[in-house]
Amino acid sequence: MCVGAANDRARMATIITWASFIAVLSSSIIEAKTSTYIDIDPKTETAVRVGESLQILCSTSQPLRICRVEIPGEGSIVLNANEPAEDGIEYYGTGLNNGQCGVRIAKVKENHDGMFKCSLTSYKARQESTASLKIIVARPPNNPDLRTNRGHFGSNRYRKGEKLEVSCSALSGRPAANVSLFLDDEPIGDERNIFYETNIDDNSLAMQNASRSLDWTDNGKTLRCVANHIALDRPKESTMQLEVLYPPQPHQTTFERFGYVIGRQGVINITIYAHPRPRFTWRVNGEKIDEGRPDESNRLETSTAVDLGKGAWSVILTIDSVQKSDTEKEYVLEATNSEGSSQYHIVLSTSSEPAGPLSSLYGKLSEHMHALGVDLDAGSIIGIVVGVLVLVLVIFLVIFARATGRWCFAGHSTTRNLGESDFADPATGVSLLHLGKSKTTADVVRKRSDTESAGRYSRSEVDGGSSRGQRKPRINLSRFFGRNKDKVSGADTDTMKTVVTVDDEKLQTVESAVQEGRTNPSTGEGGIVYAELDLTQQQQGVAPRRINEDKTEYAEILYTKPENEETTDK
């Protein structure tokens, strides 16, 4: 009996549990069906300054019966489009019938900071639908806090190459401030190193960290921690000036000073960068001159270094009356401080300082000339440079002309073989003009060849003539200025002459062959006459002969019109 009663009670408990679960689920479904979606603008939390206006609009797709809002510090307020503003708070929107429930706050107060909530009731629902938004009434942060690591020589005194660590933070801002780190006007912070923290009272902390390896150029610069905030008319800023100690910085090249006039006072002004202040010593041709003292001759006098700020020092050496020997001396300035020392070499010149792109080249040439004991002015140096450039240009043009066979090298261009022609017309013919042993004919043709062909010779003729130095080829001026004029057609073509030397034994054979070629030539297609000259015996071990011992054969390529063209012309 006891066991049965226990089982009944367990079943009853299970039934009650399931019934409760179904009831809760049903009420949730009913509420979900009856609730209405509300769109709120702005979508997210909004920050506003005290005294500014604020509009918040809640809207739905159904007409509304009730529009109720809860403003922090004001409580719950039912709004209607027809009601006037009260204490600067009034309805905002196009009407309840359009599903809009909004509020306009003319002047935001400090106590309006918090959660805003709007509750809407439509005609088809008995429950309210709500939406919320956080209003942040801006409050400016405290003055930013700038902190650095301790330097080698003190709180803000560092050595060149030392690592600087900086932290910039701003407290009690609502919302959190935007902080930035600068070295003078150069940003040195990284946005990835910015941290924000907010406590329960909405008092935020914004912090940015940065690190940097200090260089000598950072000496005298100002670290700046800047905080921007919506509640501020201008950013808040905390600063700290850095002090970086470094040795006198070397100068890569020699100092060059121009424009000194013989017989007049000369001033050598050198700017050196060092911190702390260095001790300066001049050496002129080995003679030591301390800072602020004259030399043994009282012609040279040094001044006390002038502080130009941020580690820059101006040192002056005055020459009472510049002499020629002063421009030939060696000037050395030594600077020494607790961090190190450097030497600087100075060269003087009576020439005027050049301007423009040639100044660097002029400086180098002037320095080398001065080392050789020669001082040139700017005009002389520029003249030398222009002359060198012109000489290089001429050499280039000569090499180019020789390589391409132009201008005065045109006579040495590639010659054509016997029987070649520039004419593409199939009516072009080739005829050989034979010169016999007759003195009159030979003289006439030789004269014609000298005037028209500018005297081209075979290799044996050129070699023989050059070995004796008796005969040289003439320069063809027509090739220098343009192309020759064809005697027959009048067209601008290259008239080609070919001179061939033959043996005495073959002369008669060649003459007869040429005569046969004239009287009864063999023709091919297109009316082309072919002529062949056998030079095999000359090429087979025959020793070169002198020009005056050989008989020459002149071949000229002429353009002849076909018979049908001659008939048409007639």
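Inspect segment 213-235 for any residue being in contact (Cβ under 8 Å) with a residue 12 or more places away in the chain, open to solvent by 50 Å² or more (accessible area, probe 1.4 Å), assigned to a strand (DSSP E or B) and of a type in the set (A, V, I, L, M, F, W, C) and give the result as yes or no.
So far as segment 213-235 goes, no, none of its residues is in contact (Cβ under 8 Å) with a residue 12 or more places away in the chain, open to solvent by 50 Å² or more (accessible area, probe 1.4 Å), assigned to a strand (DSSP E or B) and of a type in the set (A, V, I, L, M, F, W, C).
Given the criteria within 30 Å of G102 (Cβ to Cβ) and among the acidic types (D, E), does E162 qualify?
Here the answer is no, as E162 does not meet what is asked.
With T222, T198, T217, T239 as the choices, which residue is under 30 Å from G114 (Cα atoms) and of a type outside the set (A, V, I, L, M, F, W, C)?
Answer to the selection: T198.
Please determine whether any residue of segment 153-165 is over 57 Å from the mean Cα position of the chain (by Cα) and not acidic (D, E).
Within segment 153-165 (the criterion being over 57 Å from the mean Cα position of the chain (by Cα) and not acidic (D, E)), the answer is no, since none of the residues qualifies.
Take the conditions open to solvent by 40 Å² or more (accessible area, probe 1.4 Å), over 51 Å from the mean Cα position of the chain (by Cα), at pLDDT 90 or above and at positive phi and apply them to G51. Does it pass?
yes
Search segment 92-129 for residues being among the polar types (S, T, N, Q) and open to solvent by less than 30 Å² (accessible area, probe 1.4 Å), and hand back the single one that is farthest from A177 (Cα to Cα).
The selected residue is S122.
So the check is Cβ under 7 Å with 6+ separation or different chains; which pairs have a first residue in segment 186-199 that's open to solvent by less than 50 Å² (accessible area, probe 1.4 Å) and a second one that's of a type in the set (F, W, Y)?
If the second residue must be of a type in the set (F, W, Y), the pairs left are I188/F182.
Step by step: first the residues of segment 313-333, then only those that are open to solvent by less than 10 Å² (accessible area, probe 1.4 Å) and not β-branched (V, I, T), then the one that is nearest to P247 (Cα to Cα). Which residue is that?
L333
Restricting to segment 225-275, what's the tally of residues that are closer than 30 Å to F182 by Cα and of a type in the set (S, T, N, Q)?
The number of residues fulfilling the criteria is 6.
Out of everything in segment 54-85 that is in a loop (DSSP other than H, G, I, E, B), out of contact with any Cys (no Cβ under 7 Å at 6 or more places or on another chain) and aliphatic (A, V, I, L, M), what residue ends up being surrounded by the fewest Cβ atoms within 10 Å (Cβ to Cβ)?
Step by step, filter segment 54-85, then rank; the result is A85.
Considering only residues that are within 30 Å of V50 (Cβ to Cβ) and open to solvent by 20 Å² or more (accessible area, probe 1.4 Å), which ones fall in segment 130-170?
Residues satisfying the conditions are T130, S132, K134, R139, P140, N142, N143, D145, L146.
Under the condition of being without any contact (Cβ under 8 Å) to a residue 40 or more places away in the chain and out of contact with any strand residue (DSSP E or B) (no Cβ under 6 Å at 6 or more places or on another chain), which residue from segment 301-315 is farthest from E334 (Cα to Cα)?
Checked segment 301-315; the qualifying residue farthest from E334 (Cα to Cα) is D307.
What number of residues in segment 151-204 are β-branched (V, I, T), at pLDDT below 80 and assigned to a loop (DSSP other than H, G, I, E, B)?
1
What's the number of the condition V374 fails, among (1) hydrophobic (A, V, I, L, M, F, W, C); (2) at pLDDT 90 or above; (3) open to solvent by 50 Å² or more (accessible area, probe 1.4 Å)?
V374 satisfies all of (1) hydrophobic (A, V, I, L, M, F, W, C); (2) at pLDDT 90 or above; (3) open to solvent by 50 Å² or more (accessible area, probe 1.4 Å) except (2).
Taking the conditions exactly as written (touching a residue at least 24 places away in the same chain (Cβ under 8 Å), of a type outside the set (F, W, Y) and either out of contact with any Leu (no Cβ under 6 Å at 6 or more places or on another chain) or more than 30 Å from Y158 (Cα to Cα) (or both)), does Q252 satisfy them or not?
Here the answer is no, as Q252 does not meet what is asked.
Which residues, taken from segment 140-150, are polar (S, T, N, Q), farther than 23 Å from A47 by Cβ and either part of a loop (DSSP other than H, G, I, E, B) or within 33 Å of the chain's Cα centre (by Cα) (or both)?
Of everything in segment 140-150, just one residue is polar (S, T, N, Q), farther than 23 Å from A47 by Cβ and either part of a loop (DSSP other than H, G, I, E, B) or within 33 Å of the chain's Cα centre (by Cα) (or both), namely N149.
Select from segment 86-125 the residues that are of a type in the set (G, A, S) and in a loop (DSSP other than H, G, I, E, B) and write down the one among them that is nearest to R139 (Cα to Cα).
A106
The values are calculated or read from the model by the stated rules, or taken from the named source; none is laboratory data. Everything numeric here is computed off the predicted structure, so don't read it as measured data. Neighbour counts run over all protein chains shown; Cβ positions are idealised from the backbone, glycine included. We work out accessible area using only protein heavy atoms, side chains counted, and drop any ligands, DNA or RNA first. Shrake-Rupley method; radii C 1.70, N 1.55, O 1.52, S 1.80 Å.
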